[in-house]
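To keep things clear, I will list the structure first and then write my remarks on it.
All of the numbers you see were taken from the coordinates with simple rules; none came from a lab. Small disclaimer: the values here were computed from a predicted structure and weren't measured. In this analysis, Cβ positions are derived from the backbone assuming ideal geometry, glycine residues included, and neighbour counts consider all displayed protein chains.
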Amino acid sequence: MKSRFDAPIFKWAIAVICSMAAAGGALGQEHFPQRPVETIVPWGPGGGADQLARKIGKLLEADLKTSFPVLNVPGATGNAGMTKLLAAPADGYSIAILIGDTAATLVSGGARWKLSDLTPLGVLMRQNSGFFVQQASRFKTWNDVVTEAKAKPGTIKVAILGFGSVDDMTLGYLAGKGITLVPVPYASPGERYASILGGHVDLLFEQAGDIHSFLDSKQVRPLLFFSEDRVEGFADIPSSKEVGLEIYLPQFRSIVVRAGTDPQRVKLLADAIAKAAGTPEYAAFLKESLARRDSFIPAGEAQKFIAGEIATMQKMSGKK
Amino acid sequence: MEIIAGLGAGFLEVFQPMNMFVMVIGLVLGMLVAVLPGLTLVMGVVLALPFTYSMGLLPSIILLTAMYVSGTYGGAFTSILFRIPGEPIDVPLLWDGYAMARKGRPAKALGWTLCAALGGGLISATVMVFLSHPVAKFALTLSSPEYFAILIFGMASVVSLGGGSISNAFISLFLGLLIATVGVDSIYGTERFAFGVPFLQDGIEYLLVMVGAYGLGEVFQRLEKGFRGEEKLMGADQEIVTEFPTASEIGQLKGTFFRSSILGIIVGIIPGAGATIASFVAYGAESQYGKRRKEMGSGIAEGIVAPQTAATSSVGGALIPLLTMGIPGSGATAIILGAFLLHGVQPGPQIFVSSGPMVYAIFASLFVSIIGMCILGYFAIKPLVKVLDMPEPVVSAFVVMFCFIGAFAARNNLSDLYVITAFGILGYLFDKFKFPIAPLVLGSILGPLAESSFMTMMVSENNDWTVLIARPVSATVMVLAVIALVYPIHRQLRERRATRANKP
């Protein structure tokens with residue numbers, strides 16, 4: 001009979017401990033950080049943002065001698081996680097991953113935060129997005145896509161993350177250039193990848209790092225990258241600038257803290273993050289994720305970078 | 001033969017002490033999270049993920065798959081004994097399981113789930129080992145129209161359950177669907193029925209509907225009767241033995257086992273669909289095509305075996321696209337994929353070449369996990385059934401506490417407790433006025449899934465809904481769904497006409 005009641009009590013205890021950890025406020029001013037720093041990942045576990053948080057957390061833990069437990073709060077294109085961050089006190093004990101797609105909701109609507117609510121601690125990853133096709137696709141080059149899109153507008157389907165995302169804005173820009181593609185939203189990566197492998201869509205909009213395995217196993221191949229110059233490791237794939245498309249909008253992943261946090265704490269965290277980003281282990285992680293080698297942007301310039309990306313998105317979507 | 005040899009080596013690998021140790025931990029944890037409504041199976045696997053960082057790849061995967069497997073089974077206990085579905089998977093299980101338990105045969109009901117979990121699990125593990133590549137290829141041909149059709153079939157077949165008023169069932173279903181639309185929609189991000197309230201913007205969790213309407217609703221009902229009225233389920237002095245179904249009983253249900261396993265595997269393979277849909281669809285199929293379809297819902301074995309078999313066999317199904325293509329077939333497999341990636345291994349076609357022995361060890365671990373889970377389950381049944389010996393008010397108090405903890409743990413949101421109470425009252429009123437609860441819960445669970453697959457289909461096909469009947473698989477399933485809908489309406493009309501004719 002005992003085992004029957006162990007279960008709820010055990011879990012109840014966990015719930016209580018967790019809520020106490022969350023509620024335990026701004027005690028201890030001298031040494032920071034004195035207790036674990038909660039790392040909010042506004043996406044599910046296993047994804048790109050999650051992997052970044054865990055990698056950086058591991059590096060920071062060694063440096064700052066406290067743990068960086070990851071809390072996954074998925075929902076509303078990252079906005080559920082942002083709400084969570086803004087609900088916590090501005091004491092530096094909660095940090096969050098902010099990615100380009102969540103920033104896009106400031107433009108497309110649905111954002112429950114303003115850029116001024118956040119203080120960036122650094123941009124950690126930048127990955128160029130691109131178009132990918134199935135290995136056996138009828139499209140051999142990007143030009144094939146352009147030719148068919150102009151001959152039969154609105155027939156080529158592209159799997160994207162969702163409406164209002166960076167993916168969607170990029171397609172909007174292409175439509176303005178006379179290349180009309182049909183965006184099909186698949187929020188879950190599994191469905192998105194199945195749609196391209198199963199031939200339910202013609203193109204996939206994605207970052208190369210997220211589909212590493214499909215590239216390695218020669219199930220998909222890239223046609224075009226949205227970048228100013230050719231992407232490392234894909235020397236024979238044209239960049240968007242070469243084909244006259246001046247839209248780049250790399251997927252970025254940054255770490256932010258609530259605005260109004262004690263500047264000393266912000267500096268301490270930002271410095272530790274900069275140090276972590278300079279380690280060979282982090283460089284190897286970037287290489288593995290097929291991210292740009294020069295991904296890292298330190299705290300001082302990160303605000304400008306993110307604001308610049310948002311301004312570009314605003315221009316692309318034609319909203320003011 | 002290569003497969004057999006690989007699998008043999010895999011078994012040896014799994015029987016290493018470390019691997020066995022993490023497996024047992026995984027099985028126990030999986031059962032625990034499945035029992036509590038607030039902690040879903042997927043969340044449980046998420047919570048376990050950080051512990052795998054320091055482990056090797058194989059023990060990590062064994063731990064997570066063991067949790068996944070036993071998570072599809074553990075919720076059966078609370079579902080059958082207390083009418084609290086620990087996971088949405090367990091909702092169809094309580095329709096017959098709870099009914100059987102209330103008829104004084106809880107041990108038998110639990111025995112049947114154990115057999116179903118074992119049967120379904122082993123069949124799907126076998127299919128996974130021998131047929132993963134062709135099956136994965138087939139799965140890729142399915143897309144949102146098929147997915148939508150399967151969900152419609154799931155809803156259609158359950159509406160006609162129970163033999164009560166069809167119109168009441170529809171009212172209940174549509175109410176469930178309406179509840180599911182509250183919040184921000186997943187495709188266009190539009191707010192619906194939120195009225196600017198942040199709490200409503202986040203939507204109403206199906207968990208609250210499910211646990212409130214069933215668990216709390218039942219307690220309210222007993223409260224009204226002053227906890228009298230129900231005779232004791234078991235005599236206090238009576239020796240409780242786990243009642244396993246006999247071989248001939250199982251033999252009679254072999255069709256159910258077979259059908260439900262296949263359905264479970266197929267639903268499991270489809271990216272985005274997991275054990276929950278498998279469980280609903282298998283129950284629906286059983287109530288449409290089973291031998292004793294008329295008695296479904298009254299506490300018969302088929303109603304327990306079909307959903308449990310399908311739920312457990314969906315695990316093998318969901319692992320197929322993960323291992324062969326690197327596409328997660330369900331929420332839990334998405335996290336298992338994360339564990340692979342964190343250890344620097346990319347699942348996909350090359351994994352059979354690059355890490356063949358490990359893949360076979362994973363296959364082998366699935367077989368061992370399923371058997372281990374059933375052994376654990378066997379020993380758990382006896383003490384669990386004893387709980388029912390306690391006075392009903394005490395049990396009910398625990399049920400209420402259990403429901404509230406579950407509701408709170410899901411989002412750490414106090415207002416969810418008011419919502420679950422409201423659904424408890426709704427469940428009570430539904431029971432009182434002979435409205436079926438099942439369609440309400442079904443609508444709130446399957447509604448969002450059906451909506452997003454429908455929207456994806458419409459966007460993808462240029463708003464041409466005829467693809468539903470133009471594609472062979474979706475057309476077949478849609479026809480079955482229409483039959484499932486029309487037949488009971490037709491029957492009811494005919495019966496009504498017959499009774500009217502009989503009246504003088």
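Annotations
- Scanning chain A for GluC sites (Glu not before Pro) lying in DSSP loops with no more than 16 further Cβ atoms inside 10 Å, the longest uninterrupted stretch between such sites is A:31-227.
- Cα Rg, Dmax (largest Cα-Cα span) when computed across region B:2-502, Å: 22.1, 75
- Of the Cα atoms belonging to region A:129-225, the radius of gyration and Dmax stand at 12.2, 35 Å.
- Rg followed by Dmax, in Å, when the protein assembly as shown is reduced to its Cα trace: 26.8, 92
- Taking 1.306 mPa s as the viscosity and 10 °C as the temperature, the Stokes-Einstein diffusion coefficient of region B:317-448 based on its alpha-carbon Kirkwood radius rounds to 82 µm²/s.
- Whole-Hz Karplus values for region B:3-13 come out as 5, 4, 4, x, 5, x, 4, x, 4, 4, 4 Hz, taken residue by residue from phi with 6.51 cos²θ - 1.76 cosθ + 1.60 and θ = phi - 60°; glycine and proline positions read x.
- Sorted fewest first by neighbouring Cβ atoms within 10 angstrom, B:476, B:421, B:65 come out as B:476, B:421, B:65.
- Taking the inverse of the mean 1/r over every pair of distinct Cα atoms in chain A gives a Kirkwood hydrodynamic radius of 20.9 Å.
- Relative intensity, log₁₀ I(q)/I(0), of region B:245-295 from a Debye sum that treats every alpha carbon as a point, q = 0.18, 0.24, 0.31 Å⁻¹: -0.60, -0.88, -1.11
- Direction-averaged projected area, Cα convex hull, region A:56-141: 8.6 nm², rounded to one decimal.
- Cα→Cβ-extended label distance, 7 Å offset, between residue B:174 and residue A:135, nm: 5.1 nm
- The string of couplings for region A:222-235 from the Karplus curve (6.51, -1.76, 1.60, θ = phi - 60°) is x, 10, 7, 10, 8, 6, 7, 10, 5, 7, 3, x, 10, 4 Hz, one whole number per residue in order, with x for Gly and Pro.
- Label reach from residue B:252 (point 7 Å along Cα→C-beta): in region B:303-347, amide nitrogens under 16 Å belong to B:303-306.
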